[in-house]
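What follows draws every value from the coordinates through simple rules; no lab data is involved. Here the structure is a predicted model, which is why all the values come from computation and not from measurement. With ideal geometry, Cβ positions are generated from the backbone for all residues, glycine too; neighbour counts draw on all protein chains shown.
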Amino acid sequence: MKMAAETKVGEAEWEVKIPEKKLKDRLFFENLKAMVIDTQLCSRCLTCVSICPGGLLVNEEDVVDFPDFEDKCLDCGACVRVCPRYDYKPKSGLGDYIEFTAGQSKRFKGQDGAMGTEFIFSAMDMGLIDRGIFVDRDEQWRTSVFHVRGKEQLEKLPLGGTKYVFADILPELKKAVTFTKKGVGVVGTPCMVSGVRKLQEEFPIFKEKVKLVVGLFCTENYHYAEVSKYLIGKGVDFSKLIKTDIIKGKFVATMTDKEVKFKVAKLDDILPSGCSRCTDFTAVESDVSVGSVGSAAGFSTTVVRTETGKEVWDYIKKMGNAEVGEGKVEELDFLINHKKEREKNIQL
Amino acid sequence: MMEMINGLMNTMLSNQVSIPLIEPMLDMLQGIPMMGYMIALVLWKPFFAIVICPGLTVGGVSLLFFPWIERKLCARIQWRVGPHEIVWWLGGVIQILADTLRFLFQEVIVHKDAHKRYFLQFPFLTFIAFLLPLLFIPAGNIVAIKTPYGLQIVLLLLCLFPLFVMGLGWASNSRFAYIGTVREAFVYFAEEVPFIIAALAMIILYKTSDLTLMASEQCIPGIILNPIAALTFFIAAAMATSRMPFEIAESDQELCAGPHVEYSGIAFGLIYVLCYEKGYIISGLMTVLFLGGGAGPAIPYLGDLSGAFWFILKTYFVMTTLFVLRTIYPRYRLDQGLKIGWSPMLIMALIALAVSLVEVAVI
Amino acid sequence: MSGMKKVVAPEYNLSDKIKTHAYAIGTAMEESVYPHTATVLYPREKKKMPDNFRGYILFDPDKCISCFNCSFVCPANAIRMKEAPNNRYYPTIDYGKCIFCHFCIDSCSGGALRTTKIHDVAYKDVDEMFTSTEEMIEPPEIIREDKKSVEYVIDETDLHLKRKKERDGLFVEAVPPVEIPMVSQCVDRGSCLACKICERVCESGAASSVVEEATMTVKMAIDAEKCTGCGLCVKECSMQILRLVRVRK
């Protein structure tokens, strides 16, 4: 416990704004449940789980839930305040950007250019942040959260590559924010980026501590249990799987010996409801967006959107941490439009 | 038959210990038939010397209480309490009695490699052999065997002690007992020569070796006439009884117990009191040689016992001094002990001899 | 070996030697007549203990604020907090682990734990050494055999025992907890969730909140006059935005 400056004896008062309840005389969680979870709007970004003061909101079998909320809910409204889908304003398109380019990391090996990892570690080299949060995967392509606490963790790098599966990034982010000294960098899907932005909007502590948000191009995410069952049915062997990708409407799983291809539309049956209502492909609100579509093989398309992102990208170029490639904006159009079509699913 | 008994009675009656204090009681007891013979026997000087003073009774009592006195006194000097819990209001006075009882009921373990017969016999043999010099040491004018060669015989018997102690170690047939035995033997050799020379110096000084005469003819105590001989004799006595500065063979902390490391039970108990017995004998000898034996202000009520009383008092004083040494000095190493025995003490003994010769020539 | 210092025995001449021997013998004789005993005859005498002696620990549930400080600070992990029937958490001590450092007593912000001079408690087995909260409230059963109290006195030259014909009291008045002039304060008011956890945990009623339905605001307040600086709210705050700060007087 650090001692802050000395203070005078006196009453300290402050006011906290809490949001309007759409359903009067009900708990905030019931509002959230009625407006987001039950309407299949929830994207499982887990922003609410991360902020819940009692730590009682849980992500149980890929559904956000609150057992015994009648008894235990403190009714503080934090979950409603931070939920990106509570007042859902769908974003789409490519968004504003400063530089549209591509890169290939020289330090890390990933599915494409491994630029997400490169951005976090370069920001760490710069001294911008001291903690980073990634999604990791195991041999069976199950996801887990990788919390980098220092540069010495470079040796045990996460296994890169696109995972079309959910991960509990944001609860880990809150832990990192509480303990960090300089700042935190985070890599996440568009829905998680929106969650982080919402947190930053509501709480200065996140504004101050979350320095770099790297968004990933995202078509959709699947629940692990369902997608693994489907892929095994298609003849995909997880132990030999090298990368998964969606190219021109087709799902491509590349293995050491063969490739399995099928139309993405075939996965619609197991597409989670939250994703079917998501229109953001390029993570519009992030500092930097990274993805494989829109550049040559082995390169990651990099969309630098903010000044912070520009600083890090300049640092990467200055230090020669990555090879600079060429990005083609037009190649993204198909997927952007594909996701924009989903606006029709949203019934507010 | 009756003539023989009467002859014996006359012999005994001619050599009686007279104690005026208990004479009325004795006169009363004379009335009981046969009691006259008993009293005559007990008060017969040689018998009295063996059984009561300075023999078994006084010796036994000192064996029983000197360990306690030593422990209590050393504890006082070292800021401790000493034996305390058994009869604590009397300062644990029967501690040794309790220890003896414990030793009596303990199992005597004879280990496999030991020479069983000797292992069990030696403690008892040693104990008995250690008692023999008491026959020749006079307490005042009470002595068991009066002989002109008293001192020589006592020295001879004292020289037998090492044999028995080494026998204990040998019968144990254990490497630790063996090491202890060898150390004991070394120390004995270092100590015996100055010891005997110091005693010889006194023979030259007194021109006799009859212990009774030596004691009774000291108008000036020997310790003043020849202090160097007295000092040599005292240090040699400390070495001979394995007291603290020269506790080289036993050295409890490092070597456990020296020659008797394998002993337990009553056998160990006997060996434990051996050094006190030896201390008693050598202190008695020192009293006779240097402190005037039973000389002292005569106490009329005690009669003949007056001399014995002073003798025992002086002996106990010498013993106490010997035992208190352990609180003052730390133990010497074996080589230091041998060096002390063979160089300074031998030289001192020779000087003492020279002093005696000069004194005899001058007077 | 260079640099090794050879230890040389001090040299004495003959008169020095005789003097030291005489001194040693003289001391021995003096002590045999007037001994300074350093031994305390324990069951019949007891050493007089200072008031801050680290002995058996007693507990007063009325003063306990369940702040867990004792169990957090315990270096031997001997203190466990157990839930009492009134839903409060009270400490229990495992004397099999306790090292009697009394950090728990020093850290107790309510003054609920206090020391005694009891240092000789016997247990039948190891399980019994686990002392529950109920057993900590009352001292263990004591049979006193001592009639005297003994004190070590160090004078100019030496250490001596001073015996007094009085019994030393075993119980010590609880030292009132050191008043650390600290209060809890919110350092980042914008990040407050208004979750009211601070109000729930506060024992002294310093933290308070008022919900105003009309404007949809929550008025949070920490009254520094009431705040005891126990640090419970700081520990529990979900956003970690409360800090203990020193009070300027």
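Within 10 Å of the Cβ of each residue in A:16-23, the mean number of Cβ atoms contributed by other protein chains is 4. Cα gyration tensor of region A:28-82, axes a ≥ b ≥ c as square roots of the eigenvalues: rounded (a/c below 1.5), prolate (a/b > b/c) or oblate? Note, shape of region A:28-82 comes out rounded. Extension gain for C:Lys5-C:Thr217 works out to 68.3 nm (0.36 nm per residue, less the C-alpha to C-alpha distance). Inter-chain neighbour count for C:232-239: the average number of beta-carbon atoms from partner chains within 10 Å of each residue's beta-carbon is 3. Listed values for region A:108-122 are Karplus-derived 3J(HN,Hα) couplings in whole Hz (6.51 cos²θ - 1.76 cosθ + 1.60, θ = phi - 60°), namely 10, 10, x, 5, 10, x, 6, 6, x, 4, 4, 4, 4, 6, 5, and x replaces Gly and Pro.
As a rough guide to protection, the peptides C:211-218, B:14-21, B:325-332 ranked by mean Cβ packing within 10 Å, highest first, stand as B:325-332, B:14-21, C:211-218. Backbone geometry of region A:37-45 corresponds, through the Karplus equation with coefficients 6.51, -1.76 and 1.60 at θ = phi - 60°, to 3J(HN,Hα) couplings of 5, 6, 8, 6, 8, 5, 9, 6, 6 Hz, x marking Gly and Pro. Taking the centroid of alpha carbons for each part, region C:182-249 and region B:249-317 are 86 Å apart. Sparsely packed loop sites in region A:52-86 (the GluC sites (Glu not before Pro) outside DSSP H, G, I, E and B with at most 16 other Cβ atoms within 10 Å) comprise A:Glu61. Based on the alpha-carbon gyration tensor of region B:227-304 and its eigenvalue square roots a ≥ b ≥ c, which shape applies: rounded if a/c is under 1.5, prolate if not and a/b is larger than b/c, or oblate? The shape class here is oblate. Based on the convex hull around the alpha carbon atoms, the protein assembly as shown presents an average projected area of 67.4 nm².
Calculated mean residue ellipticity, 222 nm, the protein assembly as shown: -12000 deg cm²/dmol, from DSSP H runs (n ≥ 4) at -39500 (n - 2.57) each, averaged per residue and rounded to 500.
Per-residue mean of foreign Cβ neighbours for B:72-79 is 5 (Cβ atoms of other chains, 10 Å radius). In a reduced charge model with +1 at each Lys and Arg Cβ and -1 at each Asp and Glu Cβ, chain A shows a dipole moment near 520 debye about its Cα centre. Region B:161-195 and region B:22-92 have their alpha-carbon centroids 32 Å apart. Taken one residue at a time, the phi angles of region A:15-32 give Karplus couplings (6.51, -1.76, 1.60, θ = phi - 60°) of 10, 10, 6, 10, x, 5, 8, 6, 9, 5, 6, 10, 5, 4, 5, 5, 4, 4 Hz. Gly and Pro are set to x. Of the GluC sites (Glu not before Pro) found in region C:1-72, the ones in coil according to DSSP and having at most 13 other Cβ atoms within 10 Å of their Cβ are C:Glu11.
Average 1/r across all pairs of distinct alpha carbons in chain B, invert it, and you get the Kirkwood radius: 21.9 Å. Over chain A, Cα pairs under 8 Å with separation of 6+ residues give a relative contact order of 22 percent. Summarising the amide proton neighbourhood of A:Ile133: residues at separation of 5 or more, or on other chains, whose placed amide H is nearer than 5 Å comprise A:Val148, A:Gly185, A:Val186, A:Val187. When you work out D = kT/(6 pi eta Rh) for region C:10-118 at 25 °C and 0.890 mPa s, using the Kirkwood radius from C-alpha pairs as Rh and the Stokes-Einstein form, the result is 135 µm²/s. Residues whose amide H lies under 5 Å from that of A:Ile247, counting only those 5 or more places away or on a different chain, are A:Val252; hydrogens are built 1.01 Å from N in the peptide plane. Ordering of A:201-214, C:164-177 by packing is A:201-214, C:164-177, highest average first (other Cβ atoms within 10 Å, averaged per residue). So if I take the centroid of the Cα atoms in region C:102-130 and the same for region C:1-63, what is the distance between those two points in Å? Using only Cα atoms to place each centre, the spacing works out to 31 Å. When B:Trp68, A:Trp14 are arranged by Cβ crowding within 10 Å, least crowded first, meaning fewest neighbours, the order is A:Trp14, B:Trp68.
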